[in-house]
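**Q** Structure provided below as structure tokens; questions to follow.
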Amino acid sequence: MSGHYDAEAVRKEFPAAERITYLDSGFQTPLARPVKAAIDRFLSEGLETAGPKSVWLDRVEQTREKLARFLGASADEIAFTKNTSESMNIAANALPLRAGDKVLMIQGDHPNNAYAFLNLRRKGVTVEFLSMTEVVNAESIRPYIDANTRAISMSQVTFHAGHRFDVESIGALCAEKGLYFVVDVMQAIGVVPIDAKAMRATFIGSGSHKGLLVPQGLGLLYWDKSRTELEPAYLAAASLAEVPADLIANPDKLEPAPSARRFELGNFNLPAIHALGASLDMIGALGVENIQNHCFDLGDHLIARLDALNVRLVGPRARQHRAPHIYVIALPAAEWLGYFEENGVRVSPERDGIRVSFGMFNTMADVDRLIEIIRRRGVKPSSRAA
Ligand SMILES: Cc1ncc(COP(=O)(O)O)c(C=O)c1O
């Protein structure tokens with residue numbers, strides 16, 4: 001039993017987590033029954049009544065509202081995209097960056113964010129990578145800002161070893177220095193509370209197949225609507241302030257929508273957006289702070305048990321610098337991944353070991369099972385803490 005909600009009851013909504021010890025939500029979460037039900041409903045409607053599309057689109061707008069509340073934003077600041085990479089590329093290409101301008105990023109952070117900005121080197125924009133120290137905050141970044149710096153982009157939580165960067169202080173620094181701030185929240189969303197305004201982000205991008213519980217293929221983009229100078233690199237009827245009623249393109253009316261719809265292109269991934277509506281209800285019913293605290297408790301337990309076994313944790317240990325749900329254990333992936341698989345434990349290989357990542361449905365028993373499996377095999381000196 002969790003101190004924050006009935007985790008055993010939540011677990012019953014994730015049948016895969018009942019069959020295997022699923023410790024891989026940082027890769028993707030298993031499907032939950034209510035999320036599947038939303039997709040099933042869409043499929044049945046398509047099969048039996050072919051829509052109507054207006055009902056499907058109403059659900060898109062309801063989900064947009066829910067998502068906006070979830071991020072502390074307004075609905076007209078939210079666009080639906082395909083994944084994090086698309087959101088980051090939309091953001092990178094909307095920023096008015098020119099030759100000589102500089103963007104700061106974090107070395108070893110997710111490549112799907114980095115490439116969006118590296119691609120701007122074609123325009124003469126420079127990207128400078130700062131090292132991923134245990135603490136990344138305004139003060140660690142301030143010395144690297146110079147007269148050419150125009151933007152900072154990073155993840156809130158790294159996929160690699162669960163560092164949690166202090167995006168609030170970095171957002172404040174960006175506001176102070178007049179820089180754009182673009183944040184990839186893919187690993188944070190659904191587990192770490194996100195407040196777009198407190199973060200003072202210009203753009204926030206994410207996919208939805210981790211903490212948001214929706215299968216791959218749906219992304220989101222938050223855009224600070226006060227930044228009206230930021231325009232989309234691509235245009236479709238859906239992006240316009242005024243869609244021509246006769247659906248004949250009017251070359252004289254190309255003004256983008258005043259809302260984040262300016263960044264949307266064409267039809268939506270309807271079943272995924274409907275599924276997101278259901279998953280936001282699930283997360284809302286538990287409360288994202290409770291999910292965060294539940295995962296922190298699991299993490300504390302994991303760290304204590306690894307310490308007792310004298311096995312090293314890669315990445316930060318302190319709650320204020322670590323993600324609640326992502327931990328890398330210094331066990332060589334090539335030697336351990338197959339062993340975990342044989343023992344019914346799903347984890348991910350990482351550059352410095354085995355990544356364990358929790359979801360809302362994990363329990364202390366999952367951690368104990370993992371530790372017991374490690375203990376049974378024993379570890380080599382290179383994995384020891386001391
Ligand atoms: C921080 C981060 N960004 C992005 C992604 C994925 O990018 P995309 O949604 O484009 O597949 C991941 C993991 O899959 C991630 O951990």
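**Q** What is the number of the single condition among (1) away from the ligand (no atom under 12 Å from the Cβ); (2) part of a loop (DSSP other than H, G, I, E, B); (3) crowded, with 17+ Cβ neighbours inside 10 Å that ASP109 does not meet?
**A** (1)
**Q** Another question about this same structure. If you check every pair at least six apart or on different chains, which have Cβ atoms under 7 Å apart with a residue in the stretch 3-17 that is within 13 Å of CYS295 (Cα to Cα) first and a residue that is open to solvent by less than 40 Å² (accessible area, probe 1.4 Å) and at pLDDT 95 or above second?
**A** Here the result reads HIS4/HIS294; TYR5/LEU286; TYR5/HIS294; ALA7/HIS294; ALA7/PHE361; ALA7/THR363, each pair linking the stretch 3-17 to a residue that is open to solvent by less than 40 Å² (accessible area, probe 1.4 Å) and at pLDDT 95 or above.
**Q** Output the residues belonging to the stretch 182-230 that are away from the ligand (no atom under 15 Å from the Cβ), touching a helix residue (DSSP H, G or I) at 6+ places or on another chain (Cβ under 8 Å) and of a type in the set (Val, Ile, Thr).
**A** Within the stretch 182-230, just THR202 meets the criteria.
**Q** In addition: So for the stretch 337-355 (the condition being buried (at least 19 other Cβ atoms within 10 Å of the Cβ) and in a helix (DSSP H, G or I)), does at least one residue qualify?
**A** Among the residues of the stretch 337-355, at least one is buried (at least 19 other Cβ atoms within 10 Å of the Cβ) and in a helix (DSSP H, G or I), which makes the answer yes.
**Q** Going residue by residue through the stretch 331-342, is there one that turns out to be in contact (Cβ under 8 Å) with a residue 60 or more places away in the chain and in contact with a helix residue (DSSP H, G or I) (Cβ under 9 Å, 6 or more places away or on another chain)?
**A** Keep residues of the stretch 331-342 that are in contact (Cβ under 8 Å) with a residue 60 or more places away in the chain, which gives none.
Within the stretch 331-342, none of the residues are in contact (Cβ under 8 Å) with a residue 60 or more places away in the chain and in contact with a helix residue (DSSP H, G or I) (Cβ under 9 Å, 6 or more places away or on another chain).
**Q** Let me ask you something else. Going by the conditions given, is GLY277 part of a helix (DSSP H, G or I) and out of contact with any strand residue (DSSP E or B) (no Cβ under 7 Å at 6 or more places or on another chain)?
**A** It is true that GLY277 is part of a helix (DSSP H, G or I) and out of contact with any strand residue (DSSP E or B) (no Cβ under 7 Å at 6 or more places or on another chain).
**Q** Do we find a residue being under 24 Å from LYS210 (Cβ atoms) and within 12 Å of the ligand (Cβ to nearest atom) anywhere in the stretch 133-141?
**A** No - not one qualifying residue is present in the stretch 133-141.
**Q** Go through (1) charged (D, E, K, R); (2) surrounded by 21 or more Cβ atoms within 10 Å (Cβ to Cβ); (3) within 21 Å of ALA17 (Cβ to Cβ) one by one and return the number of the condition ASP297 breaks.
**A** With (1) charged (D, E, K, R); (2) surrounded by 21 or more Cβ atoms within 10 Å (Cβ to Cβ); (3) within 21 Å of ALA17 (Cβ to Cβ) applied to ASP297, the lone miss is (2).
**Q** Here is a follow-up. So, in the stretch 73-98, of the ones that are within 16 Å of the ligand (Cβ to nearest atom), over 12 Å from PHE263 (Cα atoms) and not small (Gly, Ala, Ser), which residue ends up most open to solvent (accessible area, probe 1.4 Å)?
**A** Once the filter is applied, the top-ranked residue is ASN83.
**Q** Anything in the stretch 252-268 that is open to solvent by 60 Å² or more (accessible area, probe 1.4 Å) and either modelled with pLDDT under 95 or not in a helix (DSSP H, G or I) (or both)? List them, or say none.
**A** Going through the stretch 252-268, the residues open to solvent by 60 Å² or more (accessible area, probe 1.4 Å) turn out to be 252-255, 258, 261, 265, 267.
Matches in the stretch 252-268: ASP252, LYS253, LEU254, GLU255, PRO258, LEU265, ASN267.
The values are calculated or read from the model by the stated rules, or taken from the named source; none is laboratory data. What you are looking at is a predicted structure, and each value in this text was computed from that prediction instead of being measured. Glycine gets a Cβ as well: all are built from the backbone with ideal geometry, and neighbour counts include every protein chain shown. Keep in mind that these areas ignore ligands, DNA and RNA; they rest on the heavy atoms of the full protein, side chains included. Shrake-Rupley method; radii C 1.70, N 1.55, O 1.52, S 1.80 Å.
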